[in-house]
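Undergrad: This is the structure I want to talk about, given as structure tokens.
Any read-out appearing in this document is the output of simple, stated calculations on the displayed coordinates, not a laboratory observation. Here the structure is a predicted model, which is why all the values come from computation and not from measurement. So basically every Cβ, Gly included, is an ideal-geometry build from the backbone, and we count neighbours across all protein chains shown.
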Protein chains: 2
Amino acid sequence: MSSVIKVDIPEKSYEITVAPGSLDQLGAKMAGLKLGKKVLLVSNPMIFKHYGERAIASLQNAGFEVVHYNLPPGERYKTLNSIQKIYDVALENRLERSSTMVALGGGVVGDMTGFAAATWLRGINVVQVPTSLLAMVDSSVGGKTGVNHPQGKNLIGAFHQPSLVLIDPEVLKTLPAREFRAGMAEVIKYGVIWDAELFTQLERSKHLDQLRYVKSDLINYILTHSCQAKADVVSKDEKESGLRAILNYGHTIGHAVESLTNYRLFKHGEAVGIGMVAAGEIAVKLGLWQQTDTERQNTIIKKAGLPTQLPADLDIAELIDALQLDKKVKSGKVRFVLPTQIGEVKVTDEVPTDTINQVLAEMKT
Amino acid sequence: MSSVIKVDIPEKSYEITVAPGSLDQLGAKMAGLKLGKKVLLVSNPMIFKHYGERAIASLQNAGFEVVHYNLPPGERYKTLNSIQKIYDVALENRLERSSTMVALGGGVVGDMTGFAAATWLRGINVVQVPTSLLAMVDSSVGGKTGVNHPQGKNLIGAFHQPSLVLIDPEVLKTLPAREFRAGMAEVIKYGVIWDAELFTQLERSKHLDQLRYVKSDLINYILTHSCQAKADVVSKDEKESGLRAILNYGHTIGHAVESLTNYRLFKHGEAVGIGMVAAGEIAVKLGLWQQTDTERQNTIIKKAGLPTQLPADLDIAELIDALQLDKKVKSGKVRFVLPTQIGEVKVTDEVPTDTINQVLAEMKT
């Protein structure tokens with residue numbers, strides 16, 4: 001079973017392929033895309049150990065000349081310094097404008113490789129081969145690339161669409177369980193904001209925290225629906241001037257929680273889980289959403305093994321201050337994505353600080 | 001006398017205004033463009049001393065909230081480190097997606113401010129207010145932004161179109177004479193590659209090396225024709241997939257000369273002057289161009305006070321090796337822009353290394 005999802009963007013359209021075992025088709029898929037001969041495969045040591053050789057063999061069999069570079073693993077290396085190292089490798093190996101960087105890894109590898117490709121020689125090709133659930137359903141699709149500023153996540157970056165996204169669900173079998181659960185937060189998000197059928201499917205499924213052990217039809221369903229949701233939204237609004245903002249459901253408070261806990265206590269998806277709980281409660285308090293719906297959402301979040309409460313020692317005043325640093329702040333007003341029914345949200349910057357305060361206070365353990 | 005040139009690019013069109021005294025109109029012009037309230041004015045200490053206050057006053061009078069930051073002057077600070085400092089100021093002052101960076105300065109300030117704007121929050125507005133001749137006729141128009149890699153000029157960058165280019169010819173009166181002459185190289189380039197009328201006008205003018213002392217009708221003519229030439233080319237090919245390559249006339253060898261002399265011996269325009277002489281001679285040797293036309297070109301280059309010879313101690317083998325690092329190299333082949341008649345060029349990667357060798361050897365002092 002395999003699916004192809006088309007992302008339609010002015011000047012650059014591309015396909016997302018979801019197919020078990022497709023890692024071995026990477027070279028063949030790329031060969032049809034009029035890319036240059038040279039490929040810089042960027043990964044990290046762990047991922048490379050599992051899948052590097054297969055990726056390289058597939059590329060070489062299709063006639064590509066491949067060099068590879070491993071980034072140090074982890075969000076704390078998602079910096080301009082790491083990007084400079086990719087530039088150095090690109091220079092040493094004389095990558096040209098027609099050359100391609102291939103990101104083989106999770107969100108950090110994908111975002112950094114994408115940003116390096118966006119800015120090397122003012123933009124070369126990039127192909128995304130996500131290996132984490134988060135990267136498969138979120139960061140590899142849509143062209144957002146970037147690194148962190150010491151004082152804020154993803155503040156530095158560019159929009160740079162990939163030439164291809166290749167998703168092989170089988171690689172999820174080596175993903176640590178906690179990473180898998182964190183990725184599920186974004187899947188749940190698509191159910192709440194866009195795809196009520198996906199939401200219902202998630203409600204019906206028993207073990208969202210260990211989905212990769214279940215038969216692959218369900219994981220394929222989840223990956224395909226999630227990527228389709230993201231592709232729908234991104235195709236309608238590539239540069240985030242309007243609709244795309246809804247993808248930030250759960251992220252406004254999520255980002256602030258991550259930032260305040262120095263990106264160490266929570267995985268991104270875990271913080272988004274907390275953020276969705278908060279956004280749901282805010283929506284209920286503002287009379288936008290049914291109490292029963294927010295409970296249905298929270299049940300799924302818990303079933304996925306994600307946290308739904310804030311640490312007792314988190315300073316709520318600091319958290320509210322951190323919201324101001326969000327990239328989507330406009331004229332000093334914090335923008336929230338709030339659900340109105342399952343599968344539908346609205347964007348608003350009219351949330352009283354008191355309401356935010358109250359919801360966050362109630363979420364403390 | 002003032003002119004407005006339209007740059008027509010998919011998704012983003014903008015205007016270049018050429019008008020004496022227009023620096024004082026900066027705020028008013030920007031006010032009509034739906035930009036946010038916050039402006040970060042980036043300049044360098046020398047330029048800021050001359051024009052900073054006027055620019056800020058004009059912005060404030062139009063209702064903008066202005067902060068400013070001075071980059072250290074010179075090409076050797078055109079690095080990612082300097083960009084990080086711009087990010088820090090952007091963060092401290094909470095620049096938002098709707099905010100604008102204004103580049104007040106020469107090519108280095110323009111390229112760096114443009115790149116910082118391209119990559120801060122994945123892209124905010126930038127307005128270019130060029131103060132050098134080079135920046136007016138070349139770098140401020142067309143959206144190329146970037147910084148140098150320790151081993152190559154402009155290897156890191158992005159395409160990011162400005163919202164407005166505001167050219168006030170009167171600010172040229174404070175430009176050092178050598179900088180003025182260097183900028184004239186790009187003007188001569190437009191005459192050779194695109195605008196035969198401009199070429200003839202340059203032939204007729206007496207003092208190309210001190211044009212800013214002559215009456216402003218001539219400088220306005222030169223600025224307008226040069227910007228129009230660049231706008232024509234860029235509108236047809238924003239991302240340099242074809243036609244835009246002709247703007248690199250004189251730049252292939254020019255960049256290599258700059259790189260080999262560590263960006264210290266020659267100004268960019270001076271190296272381009274040398275590069276145009278070399279490209280002209282190569283075109284003659286390949287039977288593409290008339291000997292008389294290359295002599296007419298070289299006469300103008302000399303009249304503008306630009307060098308036409310290579311330093312005696314420059315290693316030609318190293319120079320040829322450095323050509324391989326050019327961003328436009330494709331499958332290892334160096335791409336040359338060669339004139340076929342005044343106002344017309346062709347792009348080719350079929351130049352025998354022997355011919356390049358011979359021409360460069362003849363150009364040694």
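Undergrad: For chain B, what is the mean residue ellipticity at 222 nm derived from helices alone (per DSSP H run of n ≥ 4: -39500 (n - 2.57); sum divided by total residues; nearest 500 deg cm²/dmol)?
TA: Working: 12 runs with 147 residues, N = 365.
It comes out at -12500 deg cm²/dmol, rounded to the nearest 500.
Undergrad: How much net charge surrounds B:Val351 when only the other residues with a Cβ under 11 Å from the Cβ of B:Val351 are counted, with Lys and Arg +1 and Asp and Glu -1? Write out the running numbers ahead of the final one.
TA: Details: positive: B:Lys285, B:Lys333, B:Arg335; negative: B:Asp349, B:Glu350, B:Asp354.
Summing Lys/Arg as +1 and Asp/Glu as -1 gives 0.
Undergrad: Tell me the trypsin sites (Lys or Arg not before Pro) within the stretch B:227-287 that lie in a loop according to DSSP and have at most 13 other beta-carbon atoms within 10 Å.
TA: Working: sites: B:Lys230, B:Lys236, B:Lys239, B:Arg244, B:Arg264, B:Lys267, B:Lys285; in loops: B:Lys239, B:Arg264, B:Lys267.
The qualifying sites are B:Arg264.
Undergrad: In a GNM of chain B with a 10 Å cut-off on Cα contacts, which of B:His255, B:His149, B:His268 has the highest mean-square fluctuation?
TA: Checking each option, the largest mean-square fluctuation is seen for B:His149.
Undergrad: Counting only residues 5 or more places away or on other chains, whose amide H sits under 5 Å from the amide H of B:Leu164 once H atoms are built in the peptide plane?
TA: So B:Leu164 has HN proximity to B:Gln128.
Undergrad: Between A:Lys206 and the same site in the other copies, what are the distances in nm, shortest first, taking label points 7 Å from Cα along the C-beta direction?
TA: 9.7
Undergrad: Same structure again: If you plug each phi of the stretch B:119-127 into the Karplus form 6.51 cos²θ - 1.76 cosθ + 1.60 with θ = phi - 60°, what whole-Hz ³J(HN,Hα) values come out, in order, with x for Gly and Pro?
TA: The phi angles translate into 10, 7, 6, 6, x, 10, 5, 9, 10 Hz.
Undergrad: Tell me which residues come under 5 Å, amide H to amide H, from A:Ala158 once H is placed; ignore anything under 5 positions away on its chain.
TA: The answer is A:Thr145, A:Gly146.
Undergrad: Take every Cα-Cα distance within the stretch B:139-219, group them into 10 Å bins from 0 onward, and report for each bin the whole-number percent of pairs it holds.
TA: All Cα pairs, binned at 10 Å, distribute as 15, 35, 37, 13, 0 percent.
Undergrad: Can you compute the charge dipole magnitude of the protein assembly as shown about its Cα centre, using +1 on each Lys and Arg Cβ and -1 on each Asp and Glu Cβ, nothing else charged? Give it in debye, rounded to the nearest 20. Display every interim value, and only then the final one.
TA: On the way: 82 positive and 80 negative charges, 37 e Å.
Rounded to the nearest 20 debye, it is 180 debye.
Undergrad: If you average 1/r across every pair of different Cα atoms in the protein assembly as shown and take the reciprocal, what Kirkwood value do you get, in Å? Numbers along the way, then the final one.
TA: Numbers: mean 1/r = 0.0368 Å⁻¹.
Kirkwood radius, the protein assembly as shown: 27.2 Å.
Undergrad: Ranked highest first by the average count of other Cβ atoms within 10 Å around their residues, in what order do A:101-112, A:299-310 fall? Don't skip to the end; give the middle numbers.
TA: Values: A:101-112: 28.2, A:299-310: 19.6.
Listed from highest to lowest mean packing, they are A:101-112, A:299-310.
Undergrad: When the dipole is taken about the Cα centre of chain A, and only Lys, Arg (+1) and Asp, Glu (-1) are charged at their Cβ, what size is it in debye, to the nearest 20?
TA: Details: 41 positive and 40 negative charges, 148 e Å.
Around 720 debye, computed over chain A.
Undergrad: On to the next question. Along the stretch B:69-79, what does the Karplus equation 6.51 cos²θ - 1.76 cosθ + 1.60 (θ = phi - 60°) give for ³J(HN,Hα), rounded to whole Hz, x for Gly and Pro?
TA: For the stretch B:69-79, the Karplus-derived couplings read 9, 9, 7, x, x, x, 4, 6, 9, 7, 10 Hz, x marking Gly and Pro.
Undergrad: From the backbone phi of the stretch B:87-93, what are the Karplus-calculated ³J(HN,Hα) couplings (6.51 cos²θ - 1.76 cosθ + 1.60, θ = phi - 60°) in whole Hz, Gly and Pro given as x?
TA: Couplings: 4, 4, 5, 4, 5, 3, 9 Hz.
Undergrad: Roughly speaking, what is the stretch gain from A:Met46 to A:Thr299, that is 0.36 nm per residue apart minus the C-alpha to C-alpha distance, in nm to one decimal?
TA: Working: separation 253, 0.36 × 253 = 91.08 nm, distance 3.32 nm.
This chain segment gains 87.8 nm when fully extended.
Undergrad: Sticking with this structure for a sec: Placing a label point 7 Å from Cα toward Cβ, how far apart in nm is B:Gln341 from its equivalents in the other copies, listed shortest first to one decimal?
TA: 7.0
Undergrad: I need the calculated FRET efficiency for the pair B:Thr340 and A:Tyr77, taking r as the beta carbon distance and R₀ as 45 Å, to the nearest 0.05.
TA: Details: r = 51 Å, r/R0 = 1.13.
Taking R0 as 45 Å, the efficiency between B:Thr340 and A:Tyr77 is 0.30.
Undergrad: Provide an ascending nm list, one decimal, of label-point separations from B:Val89 to the equivalent residue in each further copy; define each label point as 7 Å from Cα along Cα→Cβ.
TA: So the label point of B:Val89 gives 3.4 nm to the other copies.
Undergrad: Taking the Cα centre of the stretch B:3-174 as origin and charging only Cβ (+1 Lys, Arg; -1 Asp, Glu), how large is the dipole, in debye to the nearest 20?
TA: Numbers: 17 positive and 14 negative charges, 51 e Å.
So the magnitude is around 240 debye.
Undergrad: Take every DSSP beta bridge with both residues inside the stretch A:1-73 and express the antiparallel ones as a percent of the total, to the nearest 5. Walk me through the numbers before you get to the answer.
TA: Working: 5 of 11 bridges.
Counting only bridges with both partners in the stretch A:1-73, antiparallel ones make up about 45 percent.
Undergrad: Right, next: Using a cut-off of 13 Å between beta-carbons, work out the net charge of the residues near B:Val7 (Lys and Arg +1, Asp and Glu -1, B:Val7 not included).
TA: Details: positive: B:Lys6, B:Lys12, B:Lys144, B:Lys230, B:Lys236, B:Arg244; negative: B:Asp8, B:Glu11, B:Glu15, B:Asp232, B:Asp237, B:Glu238.
Value of the local net charge: 0.
Undergrad: I've got another one for you. Using a Förster distance of 25 Å, how high is the FRET efficiency between A:Leu265 and B:Arg94, based on the Cβ-Cβ distance and rounded to 0.05? Present the calculation step by step, with values, prior to reporting the outcome.
TA: On the way: r = 25 Å, r/R0 = 1.02.
After rounding to 0.05, the efficiency reads 0.50.
Undergrad: By how many nm would the segment from B:Ile320 to B:Lys85 grow when fully extended, if each residue of separation counts as 0.36 nm and the alpha-carbon distance is taken off?
TA: Details: separation 235, 0.36 × 235 = 84.60 nm, distance 3.57 nm.
Fully extending the segment from B:Ile320 to B:Lys85 adds 81.0 nm.
Undergrad: Also: Among A:Val4, B:Val277, what is the fewest-to-most ranking by other Cβ atoms within 10 Å?
TA: Numbers: A:Val4 10, B:Val277 25.
Result, fewest neighbours first: A:Val4, B:Val277.
Undergrad: Mind checking the full-extension length gain between A:Asp313 and A:Lys364? Use 0.36 nm per residue of separation minus the Cα-Cα distance, one decimal, nm. Before the final figure, lay out each step's value.
TA: Numbers: separation 51, 0.36 × 51 = 18.36 nm, distance 0.85 nm.
Gain on extension, A:Asp313 to A:Lys364, equals 17.5 nm.
Undergrad: Now for a different question. Compactness ratio of the stretch B:28-67: Cα Rg over 2.2 N^0.38 Å, N = residue count?
TA: Values: Rg = 10.4 Å, N = 40, 2.2 N^0.38 = 8.9 Å.
So the stretch B:28-67 has a normalised radius of gyration of 1.16.
Undergrad: Only bridges whose two residues both fall in chain B count here: according to DSSP, what percent of them are antiparallel, nearest 5?
TA: On the way: 16 of 39 bridges.
Of all bridge pairs located within chain B, approximately 40 percent are antiparallel.
Undergrad: Starting from the Cα coordinates of chain B, work out the convex hull volume and express it per residue in Å³. Could you put the intermediate results ahead of the total?
TA: Values: hull volume 44.1 nm³, N = 365.
Convex hull of Cα atoms, per residue: 121 Å³.
Undergrad: For the stretch B:178-362, list log₁₀ I(q)/I(0) at each q in 0.10 Å⁻¹, using the Debye formula over Cα point scatterers of equal strength and ignoring solvent, two decimals each.
TA: Normalising to I(0) and taking log10 leaves -0.36.
Undergrad: Given R₀ = 25 Å, what would the calculated FRET efficiency be for A:Glu197 paired with A:Leu286, taking r from the Cβ atoms and rounding to 0.05? Can you show the working numbers first?
TA: Working: r = 26 Å, r/R0 = 1.06.
The calculated FRET efficiency here is 0.40.
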